[in-house]
1. With the condition kept exactly as written, say whether any residue in the range 102-114 is out of contact with any helix residue (DSSP H, G or I) (no Cβ under 8 Å at 6 or more places or on another chain), within 16 Å of ligand 1 (Cβ to nearest atom) and part of a loop (DSSP other than H, G, I, E, B).
2. Which of (1) modelled with pLDDT of 95 or more; (2) outside the structural domain of residue 23 (by TED's automatic domain parsing) does residue 47 not meet, given it meets every other one?
3. Filter the range 159-187 down to residues that are in contact (Cβ under 8 Å) with a residue 40 or more places away in the chain and part of a helix (DSSP H, G or I) and give me whichever is nearest to ligand 1 (Cβ to nearest atom).
4. Test of understanding: among 121, 99, which residue is over 17 Å from residue 174 (Cα atoms), away from ligand 2 (no atom under 16 Å from the Cβ) and within 14 Å of the chain's Cα centre (by Cα)?
5. Quick check, is residue 66 modelled with pLDDT under 95, farther than 30 Å from residue 170 by Cβ and surrounded by 15 or more Cβ atoms within 10 Å (Cβ to Cβ)?
6. With the checklist (1) under 26 Å from residue 181 (Cα atoms); (2) touching a helix residue (DSSP H, G or I) at 6+ places or on another chain (Cβ under 9 Å); (3) more than 16 Å from ligand 2 (Cβ to nearest atom); (4) modelled with pLDDT of 95 or more in hand, flag the one item residue 37 doesn't pass.
7. Which of the following residues is in a helix (DSSP H, G or I), within 20 Å of residue 112 (Cα to Cα) and within 16 Å of ligand 1 (Cβ to nearest atom): 191, 137?
8. Looking only at residues that are away from ligand 1 (no atom under 16 Å from the Cβ) and in contact (Cβ under 8 Å) with a residue 60 or more places away in the chain in the range 73-100, which one is farthest from residue 52 (Cα to Cα)?
Ligand SMILES: Nc1nc2c(ncn2[C@@H]2O[C@H](COP(=O)(O)OP(=O)(O)OP(=O)(O)O)[C@@H](O)[C@H]2O)c(=O)[nH]1
Ligand SMILES: [Zn+2]
């Protein structure tokens, strides 16, 4: 399914979110009017607006700063903190993303912080880890016209920890490898070695 463009995503509806949270509190047998819960629907609505803000952002928006510095070698940012929300249970999954790319021959690169911002654009929305991984990789290929990209995400899903199978510590690792990172085995091996290097 193609990604919905942010202009096609309706504005966050605070009133509707508050009503839904009030209803959920009632459904679990709580009293939404008791003092401790009175402001909770509004708080939860604000929290969800923040946790889903990526729905209203685009990769193009965050990858605007590009420089041509003639650097043609691999650039890799490791251990980018990641908080996302599992679309099946609406509970967090959290871990790290490693994002590396080989710039276009023109040397078109982006600011390092933009790679972390890019991860957030796709993390701050209901997600599955596989889609998050491929969206980050594909947007770097497209927007930076990168020759190669590698994205590895390691995450723990709270839906597997705090409920359900209750297996704390199980980490899910997904990767998306594109372009020369895929075709050139030595380059891919170098990237994997950097991701797993002893400095961790
Ligand atoms: N592939 C994938 N699965 C995920 C992700 N996040 C959560 N899931 C899984 O989505 C599945 C949903 O399965 P269902 O059987 O429909 O839901 P459920 O009854 O709540 O499943 P349990 O978690 O096994 O109790 C579960 O196996 C979750 O572990 C993700 O990012 N990627
Ligand atoms: Zn889940």
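1. no
2. It is condition (2) that residue 47 fails.
3. 159
4. Details: 99 fails: over 17 Å from residue 174 (Cα atoms).
Just a single option satisfies the conditions, and that option is 121.
5. Details: modelled with pLDDT under 95: yes; farther than 30 Å from residue 170 by Cβ: yes; surrounded by 15 or more Cβ atoms within 10 Å (Cβ to Cβ): yes.
Yes: the conditions hold for residue 66.
6. For residue 37, the failing item is (1).
7. Numbers: 191 fails: within 16 Å of ligand 1 (Cβ to nearest atom).
Exactly one residue qualifies, and that residue is 137.
8. Initially, the range 73-100 is screened for residues away from ligand 1 (no atom under 16 Å from the Cβ), giving 73-81, 98-100.
After this cut, where a residue has to be in contact (Cβ under 8 Å) with a residue 60 or more places away in the chain as well, the list is 74, 76, 78-79, 98, 100.
Numbers: 74: 31, 76: 26, 78: 24, 79: 22, 98: 22, 100: 25 Å.
It comes out as 74.
The values are calculated or read from the model by the stated rules, or taken from the named source; none is laboratory data. Treat the numbers as computed from the prediction; the structure is a model and nothing was measured. Glycine also receives a Cβ, built like all others from the backbone with ideal geometry; neighbour counts cover every protein chain displayed.
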